[in-house]
Amino acid sequence: MEKMEEVRKEDSKTVKIVFVSLLLDLLAFTMILPLFPALLEHYQQLDDGNGLYSKILNSIQAVSIFIHAPAKESSVLFGGFLGSMYSFLQFLGSPIIGALSDVYGRKPMMILCLIGIAISYLLWAMSKSFAIFIIARFVGGISKGNISLSMAILSDVTSAATRGKAMALVGIAFSVGFVLGPMIGALFAKYSMGHREGQWYAYPALFAFALAVSDLLYFSLYYKESLPKKLRAKSITSGISSAFTYINPVDLFQFNGVSSLNRNELQQLRTLGRSYFLYLFIYSGLEFTLTFLTHYSFGFTRMQQGWMFLGIGLTMAILQGSWVRKIPPHKTKFFTELGLWLIIPSFVCIAIAKEVFMLYFGVFLFAVSTAIVVTCMMTLVTRIGPENQKGSITGIFRSLGALARACGPIVASLAFWSLGSRTSYLVGAVALVFPPLILKSIKC
């Protein structure tokens with residue numbers, strides 16, 4: 001009995017370690033969000049005309065003249081490329097890192113990821129050229145398997161009955177990270193502008209590096225391996241083969257990595273997957289281009305960008321903490337559909353906004369929809385299939401989300417640049433009619 005009590009305490013300690021580690025990581029990760037437009041303009045000004053930024057920009061401007069796209073918004077394409085590259089690398093790397101952790105243990109692979117993330121922030125701080133900044137984002141993206149590893153660790157140390165509470169802590173870490181991180185980045189940028197104009201980004205980058213190093217040291221010192229050797233996969237070949245199921249889009253949309261499902265359950269998952277992917281694909285496009293819209297159309301400073309993200313994060317945290325988590329099971333599908341419908345007027349309001357009030361109203365609807373949809377959608381997903389397949393099912397949904405986020409920013413940025421923000425968001429609003437209609441066709 002005493003041994004069981006010790007195990008429970010150790011498992012509870014592991015959950016807290018994962019929470020703190022994720023919080024440190026997300027604070028560092030979100031710091032760059034309000035800085036992207038100004039950061040890309042900085043590299044444009046820094047380029048001597050012969051660098052990578054200028055070479056890409058010259059090609060973009062040639063096309064801009066042909067299609068009459070506004071030259072001043074060219075940086076949104078750079079941002080879209082970087083955002084999609086980062087998410088795509090995460091989409092590719094996370095399942096493979098997870099498969100390696102099944103063979104070699106969670107701790108060594110997590111430490112490897114955290115080292116890579118820390119190096120990416122250090123490269124960002126030292127990036128005196130656009131090429132080095134791209135390398136920094138590449139290293140950060142391929143190292144971002146720590147999120148999926150955190151989920152795997154929580155699965156190791158929790159039972160079906162206690163896993164929900166552990167996952168709720170993960171949601172809190174994300175909410176706090178997205179509330180405080182952008183504001184910290186904006187504050188550091190504002191402070192550094194008066195002291196080191198040429199490399200103002202070095203201050204937030206170095207602070208992100210300090211957070212990443214703290215995360216690495218904390219995890220290395222306090223985390224004890226949660227996957228015993230006797231439970232590890234014997235062969236790396238089978239693990240990697242399984243990982244490719246989470247990378248191949250055909251397998252993802254067909255849920256081929258899940259077994260023991262009847263025909264109705266499989267059809268429900270495929271329908272939910274299509275609705276979720278389409279929603280997140282369009283959603284992530286607005287999410288990423290929003291800072292460029294407020295920068296170009298409303299002249300937002302970095303601090304104003306930070307305040308906007310603070311408002312979004314607080315709205316989500318308040319709703320998720322007080323109301324969304326208390327939605328009755330029989331009402332989950334209703335509120336999922338409601339959240340999917342709410343994103344449509346959000347896109348319309350932001351598209352037609354000429355004054356800040358209309359913009360903020362659209363952003364508020366955006367935050368409300370976000371708070372409802374992702375949480376409720378994942379709740380619907382976890383109700384389908386046997387208990388021993390929940391990990392595979394949620395893993396496929398995470399991969400679908402990562403794939404959507406890998407495609408969304410670059411497509412939205414291309415539309416933003418060539419068609420303008422108003423047309424892009426209005427087209428997005430029309431396309432967003434389909435996710436709730438798709439979801440309505442199933443009973444769950």
Taking N as the residue count of the chain, its alpha carbon Rg divided by 2.2 N^0.38 Å gives 0.98
When the charge dipole of the chain is computed with +1 on Lys and Arg Cβ and -1 on Asp and Glu Cβ about the Cα centre, the Cα farthest towards its positive end, among Phe397, Ala353, Asn146, belongs to Phe397
Magnitude of the Cβ-charge dipole (Lys and Arg +1, Asp and Glu -1) of the chain about the Cα centre, nearest 20 debye, reported as 960 debye
Under the Karplus relation with 6.51, -1.76 and 1.60 and θ = phi - 60°, whole-Hz ³J(HN,Hα) for the stretch 274-287, x at Gly and Pro, equal 5, 4, 5, 5, 4, 4, 6, 4, 6, 4, 5, x, 5, 3
With +1 on the Cβ of every Lys and Arg and -1 on the Cβ of every Asp and Glu, the dipole magnitude of the stretch 312-400 about its Cα centre, in debye rounded to the nearest 20, is 240 debye
Cα-Cα longer than 32 Å, checked against Lys229/Lys443; Lys144/Lys440; Lys144/Lys234, kept in input order, equals Lys229/Lys443; Lys144/Lys440
Under the helix-only model (-39500 (n - 2.57) for each DSSP H run of 4 or more, divided by the residues of the chain), the mean residue ellipticity at 222 nm, to 500 deg cm²/dmol, is -27000 deg cm²/dmol
Ordering 297-309, 133-145 by per-residue average of other C-beta atoms within 10 angstrom, highest first, gives 133-145, 297-309
Rg (one decimal) and Dmax (whole number) from the Cα set of the stretch 323-375, in Å, equal 12.4, 40
In whole percent, the Cα-Cα distances of the stretch 78-136 spread across 10 Å bins from 0 upward as 21, 43, 28, 8
Cα-Cα longer than 21 Å, checked against Lys13/Lys224; Lys16/Lys331; Lys13/Lys107, kept in input order, equals Lys16/Lys331
Whole-Hz Karplus couplings 3J(HN,Hα) for the stretch 400-417, θ = phi - 60° and coefficients 6.51, -1.76, 1.60, Gly and Pro as x, run 4, x, 5, 5, 4, 6, 6, 8, x, x, 6, 5, 5, 5, 4, 5, 4, 6
Relative contact order of the chain (C-alpha contacts under 8 Å, at least 6 apart) in percent is 25 percent
In terms of the charge dipole of the chain, which places +1 on Lys and Arg and -1 on Asp and Glu at the beta carbon, the residue among Gly105, Asn256, Val170 farthest towards the positive end is Asn256
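Taken together, the values in this text are just the output of simple stated rules run on the coordinates, not laboratory data. Every value quoted in this text rests on a predicted model; they were computed, and no experiment measured them. We place every Cβ from the backbone using ideal geometry, glycine too, and count neighbours over all the protein chains shown.
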